[in-house]
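Here is the structure we will look at.
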Amino acid sequence: MKTQSNLRMPYNCWRKFRVILSLLFIVLSNFILSAQILDSTSIQGSTAAVVIDGNKLFYLRGITSFPAADRARLVTERIISIAETKSFNSDSIQIIEENDRTVISADGIVIVRLFDADAEIEGLSRQILSEMVKHNITKAINSYRYERSSKLIIKRIIYAAIATVVLIFLLFLFRFLSRRFDNFLEAKVKAKMEVLESQSHSIIQAKQLWTALRGFTKTIKVILTILIIIFYFNFVLGLFPLTKPIAAELFSLLIKPLGVIGESILAELPNIAFLVVLIFVVRYLIKLIKLFFKGLSQETIVLSNFDSDWAWPTFKIVRFLIIVFAIVLAYPYIPGSESDAFKGISVLLGIMFSIGSSSFISNIVAGYSLTYRRAFKLGDWIKIENDFGEVIDIKPFVTRIRSLKNEEVIIPNSNLINSQVINYSSLAKKRGLILHTTVGIGYETPWRLVEEMLKAAADRTEGLLKEPPPYVLQKSLGDFAVVYEINAFCNDPSLMMKIYSALHQNILDIFNENNVQIMTPAYEGDPAEPKVVLKEKWHTPLKTDNKQQ
């Protein structure tokens, strides 16, 4: 009894387990079946066309296990196979009616099976649809054979060759006519534009109008050339069965994008008109403001407490503010400004500008700060740390100076803010620039004589002003010599280095003439004879090698 009970327990458990598995299987089967039915319902709504040589014969509906595209492809392959069989007679195609379908066959070969679902696509009965499908298949087979006949292919190759010759001729003719047209514009229209510019007092720029006209004509030429080439390829590709589908899609590839662009332009036409008007208004407003600031720079228009050197920097600031204000006005009217893509690009550009604009902004602020501080202007001679030269260019970002050695030194404006700038030209015209140099003379030489010699040397130097007169300062009383400084005025800083050289030459000459020894830079002891150059040795000729002569 114990043994039988022990055997029944596993058996009963197994039965329960099988029941549970059966229930799970039934539930999963029902779930999968319902999913397939739903999927089949969604796929049954898809259709595909049977296409031969670019011609659509009829449409077929698909199911889950046999999608519409695969079904249409299989039918197409059957029709092509039958058409390539020369012994097949297209009149032998038959329609066989069955309970739930209609079979169209030829010599026992099934071409297509039509169902009520296929007839629903056209809104016809299955019997009427089958007659139409039979007619289209027969017509497609005959057309397929005709299009691939050797005589017709040779004939169309000749047509393609003629079309190629015509294309080459048209391209050469178009190029010849375009050159004649360009010469006509150059001779007639350009001269009238120049007259119009002079009559409008340069408000209308002939060069800009001419550039716009040439750009427009070039665009028209390119479009016409592309259209001629497209018509050629459409004609040639349409001659042959294999390339006919490409020809059918060639124009759609071009026309569809143009259609979308055209519809977008028509939809945005009021906004585009506003933008065009805004651009013209802003453009001519900036031109009028530029004329005003040009008058300020040339001092034909004078404003109190406004320096003429501020005219162009101020114009650039005003122009920038006008353009920013115009952009703010134009932004809502820009096509696509409300799209997420446009906003994303705007945010990206803003982030990129904010990350990389720290030095950019600092240089601009520094450049305008220097201008309004009147630190220097074009043509001034300045010294910035170890760089000395003439200011040749002032930009919002950098300042360029030309050194005495004809070197171009480019200095970022942000560096100028934190550097000491010495301007030699700002006061030179009004008060004169004081040039000065020092000499050390012994105590045995009367200071009055030294001052007279230094003033005489300055008087001999070309480029130094007579008024105000030069003057001498006794800088220090050293251990072995008195340090004298000659100060003289000049009004041209660009000649400063030449004047210094001439002044030093004249100082040497006049001290030698008076047998006065210059003790700069150091003194060790009194020599047996004064260290001067006698006058008869001033013009000692240069000795050269006789062999070289």
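Of the residues examined, Lys287 is not one that is surrounded by 12 or more Cβ atoms within 10 Å (Cβ to Cβ), farther than 24 Å from Ser369 by Cβ, of a type in the set (Lys, Arg) and in contact with a Gly (Cβ under 9 Å, 6 or more places away or on another chain). Residues that are surrounded by fewer than 17 Cβ atoms within 10 Å (Cβ to Cβ), touching a residue at least 12 places away in the same chain (Cβ under 8 Å) and not in a strand (DSSP E or B) within region 397-414 comprise Phe397, Leu404, Glu407, listed in sequence order.
Answer yes if at least one residue in region 476-484 is touching a strand residue (DSSP E or B) at 6+ places or on another chain (Cβ under 9 Å) and of a type in the set (Asp, Glu), and no otherwise. No: zero hits. Pairing each residue of region 170-190 that is touching a residue at least 12 places away in the same chain (Cβ under 8 Å) and under 21 Å from Leu227 (Cα atoms) with any residue that is of a type in the set (Lys, Arg) and surrounded by 10 or more Cβ atoms within 10 Å (Cβ to Cβ), provided the two are 6+ apart or on different chains, yields C-beta distances under 8 Å for Phe174/Lys221; Ser178/Lys221. Take region 207-252 and flag every residue that is more than 15 Å from Arg156 (Cβ to Cβ) and either touching a Lys or Arg at 6+ places or on another chain (Cβ under 8 Å) or of a type in the set (D, E, K, R) (or both). Lys207, Trp210, Arg214, Lys218, Lys221, Glu249, listed by residue number.
Does region 428-448 contain any residue that is modelled with pLDDT under 85, surrounded by fewer than 17 Cβ atoms within 10 Å (Cβ to Cβ) and under 16 Å from Lys377 (Cβ atoms)? For region 428-448, residues modelled with pLDDT under 85, surrounded by fewer than 17 Cβ atoms within 10 Å (Cβ to Cβ) and under 16 Å from Lys377 (Cβ atoms): present. Taken together, the residues in region 61-110 that are surrounded by fewer than 16 Cβ atoms within 10 Å (Cβ to Cβ), modelled with pLDDT of 80 or more and not in a loop (DSSP other than H, G, I, E, B) amount to 15. Among the residues making up region 282-323, those that are within 30 Å of the chain's Cα centre (by Cα) and in contact (Cβ under 8 Å) with a residue 40 or more places away in the chain are Val282, Tyr284, Lys287, Pro313, Lys316, Ile317, Ile322, Ile323.
Could you please find all residues in region 422-475 being closer than 28 Å to Ile392 by Cα and in a strand (DSSP E or B)? Once the filter is applied, which keeps residues that are closer than 28 Å to Ile392 by Cα and in a strand (DSSP E or B), region 422-475 yields Ile422, Asn423, Leu433, Ile434, Leu435, His436.
Residue count for region 419-454 under the criterion of being touching a residue at least 12 places away in the same chain (Cβ under 8 Å) and farther than 30 Å from Ser369 by Cβ: the result is 16.
The values are calculated or read from the model by the stated rules, or taken from the named source; none is laboratory data. If you're wondering where the values come from, they're calculated on a predicted model, not measured in any experiment. Heads up, the Cβs are rebuilt from the backbone with ideal geometry, glycines too, and the neighbour counts pull from every protein chain shown.
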